[in-house]
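Here is the structure we will look at.
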Amino acid sequence: MSNENAFWLAFSYVRGVGAVRFRKLLNFFGELSAAWQADRSQLISAGLTDKAADLVFETRKTLKPETLEDDLTRKGIKYLTWNSPDYPRYLMEIAQPPPVLYYTGKILPEDDLAIAIVGTRNVTKYGKQIAHDTAAYLAGSGITVVSGLARGVDGIAHQAAIDAGGRTFAVLGSGVDVVYPPEHRKLAHDIIHQGALISDYPPGTKPDGINFPPRNRIISGLSRGTVVIEAGERSGALITAKFALDQGRDIFAVPGSVLSQMSKGTNQLIAEGATPMTSPVIITDTLNLARTGNEHISEQIEISTTEKNILSVLGDSSIHIDEICARTSLTIEKLTAELTMMELKGLVQRENGMEYQRVKKWDIG
């Protein structure tokens, strides 16, 4: 580690100094080593507030920059700065990229092809299936799945990506050595082997409610687009969608029942212009993402007996829903519900309003 990098790490431990103030210090001092040695009046002249300058002095009393990299090495933690050639390309494009990005695991060049999947912790059965199947499709297509390791949609998306043999990033609202929630420790361990745990908070930082909204800008910033599975009217997933919008990234939202509290947020996103995600294929087609490894997808998406029955009567040409109803002996209400779910799972596609056909890869013999 160069001597200068030691001071990038040191300033990341100062709670009041983020991307904007990092930039001010660099512009004023040229190097962060000089900023670390500056007196209070110089720090204020550089653009720090009185409180931020005080926090720098408080941190200096207990922190030794020259020891930080050895501490990281002992913990198996790596880091990237704005000056690192491997800093994630799309994250660097956002308005305030983290000056220091800590991670455990690996961040690879192919992870530039990434999609965020977020949603409520109080996920419904409908949301669970969509989260699983969307993540499995993306991961099986060679796309890195990004989420926040939270309960509900996040955890389901990470696990589905791992099960599909793909890669996944978990962006934390704590240090990468502090896994939260605690029941996701095994999941976090698996993510390290098939992706990375990522945070702009220094090691040892405990999870705190105020940490989570800012980290959402990293989830969306790492990603070409953000998929919101289910979200109430005040869900944290909507914060991620707002960041994605501000960053000029695509937003996809899964439509749901107008009667479901967990679909109020996603339905509102669609009303405001988000792309309705009625099939994971819409994501890859909209963003023109290259798809590879699709042979694994069929192993990950569960197909029910009823769905197999419907697929058996569908062909490569479209069939009207009335004919499907007659051939399967399902009620129109049941058939409509099944076809809606199958479209979201990428099993069928709708043509000409009320006609459906099987997606070609789904050959059940």
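FYI, it's all coordinate maths here, none of it is from the lab. Keep in mind that this is a model prediction, so the values were computed, not measured. Positions of Cβ are backbone-derived with ideal geometry, glycine not excepted, and every protein chain shown enters the neighbour counts.
Calculate, axis by axis, the spread of Cα positions in the chain along the three principal axes, and write the results as whole Å, longest axis first.
Projected onto its principal axes, the Cα set of the chain covers 81, 36, 34 Å.
By its C-alpha gyration tensor, with a ≥ b ≥ c as the square roots of the eigenvalues, how is region 56-105 shaped: rounded for a/c under 1.5, else prolate for a/b larger than b/c, else oblate?
Oblate.
Using the charge dipole of the chain (Lys, Arg: +1 at Cβ; Asp, Glu: -1 at Cβ; taken about the Cα centre), state which of Val258, Phe212, Thr305 has its Cα farthest towards the positive end.
Towards the positive end, the residue furthest out is Phe212.
Just to confirm the number: angle between the C-alpha axis of helix 3-12 and the first principal axis of the chain, 0 to 90 degrees, nearest 10?
70
Enter the angle in degrees (range 0 to 90, nearest 10) between the Cα long axis of helix 332-344 and the first principal axis of the Cα atoms of the chain, meaning the one along which they spread out most.
Taking the Cα atoms of the chain, the angle to 332-344 is about 40 degrees.
Going from the alpha-carbon gyration tensor of region 186-236, what semi-axes, largest first and in whole Å, does one get by taking the root of 5 times each eigenvalue?
Sorted largest first and rounded, they come to 20, 17, 12 Å.
Filter Lys125/Lys308; Lys61/Lys206; Lys51/Lys186; Lys106/Lys264; Lys61/Lys186; Lys24/Lys78 down to the pairs with a C-alpha to C-alpha distance above 30 Å, please.
Beyond 30 Å: Lys51/Lys186; Lys106/Lys264; Lys61/Lys186.
Angle between the Cα long axis of helix 19-29 and the longest principal axis of the chain, 0 to 90 degrees, nearest 10?
The answer is roughly 30 degrees.
Would you pull out the residues with amide H under 5 Å of Ala150's amide H, same chain only if 5 or more places away, H placed 1.01 Å from N?
Gly155
May I ask you to evaluate 6.51 cos²θ - 1.76 cosθ + 1.60, the Karplus curve with θ = phi - 60°, for each residue of region 251-262 and list the ³J(HN,Hα) values in order in whole Hz, giving x for glycine and proline?
Computed from phi, the couplings for region 251-262 are 10, 10, 10, 7, x, x, 4, 5, 8, 8, 4, 6 Hz.
Scan around Gly142 for amide H atoms under 5 Å from its own, H built in the peptide plane at 1.01 Å from N, and keep only partners 5 or more places away or cross-chain.
Thr292
Compute the distance in nm between two label points, each set 7 Å from the Cα along the Cα-to-Cβ direction, one at Glu355 and one at Val281.
Roughly 1.5 nm, to one decimal.
For the chain, set up a Gaussian network in which alpha carbons nearer than 10 Å are linked by springs, and say which option among Lys186, Lys106, Lys242 fluctuates the most.
Lys186
Indicate, rounded to the nearest 5 percent, the antiparallel portion of the DSSP beta bridges found entirely in the chain.
Given both bridge residues lie in the chain, the antiparallel proportion sits at roughly 40 percent.
How many nm is it between the label spots at Ser84 and Glu66, if each spot is 7 Å from the Cα in line with the beta carbon?
Once both label points are built, they end up 2.4 nm from each other.
Please turn the phi angles of region 315-331 into ³J(HN,Hα) values with the Karplus equation 6.51 cos²θ - 1.76 cosθ + 1.60 (θ = phi - 60°), one per residue in order, whole Hz, x for glycine and proline.
Computed from phi, the couplings for region 315-331 are x, 6, 9, 6, 10, 5, 4, 5, 5, 4, 4, 5, 6, 9, 6, 8, 5 Hz.
Once amide H atoms are built 1.01 Å from N in the peptide plane, which residues 5 or more positions from Val227, or in another chain, come under 5 Å H to H?
For Val227, whose amide H was placed from the backbone, the distant partners under 5 Å are Ala116, Ile117, Val118, Phe252.
What are the ³J(HN,Hα) values, in whole Hz, obtained from phi via the Karplus relation 6.51 cos²θ - 1.76 cosθ + 1.60 with θ = phi - 60°, for each residue of region 213-224 in sequence order, with x given for Gly and Pro?
x, x, 5, 5, 5, 6, 4, 6, x, 6, 10, 6
Taking the Cα centre of the chain as the origin, how large is its charge dipole in debye, to the nearest 20, when only Lys and Arg (+1) and Asp and Glu (-1) carry charge on their Cβ atoms?
860
May I ask you to order 10-20, 227-237, 60-70, 253-263 by the average number of other C-beta atoms within 10 Å around their residues, highest value first?
Highest-to-lowest ranking by the protection proxy: 227-237, 10-20, 253-263, 60-70.
In deg cm²/dmol and to the nearest 500, what is the mean residue ellipticity at 222 nm of the chain if only DSSP H runs of at least 4 residues count, each as -39500 (n - 2.57), divided by the residue total?
-12500 deg cm²/dmol, from helical runs alone.
In the chain, if the dipole is taken from +1 on Lys/Arg beta carbons and -1 on Asp/Glu beta carbons about the Cα centre, which of Ser317, Leu245, Gln129 is farthest to the positive end?
Leu245
Quick check: residue separation of Lys186 and Ser260 times 0.36 nm, minus the Cα distance between them. What number comes out in nm?
Additional length available on full extension: 23.5 nm.
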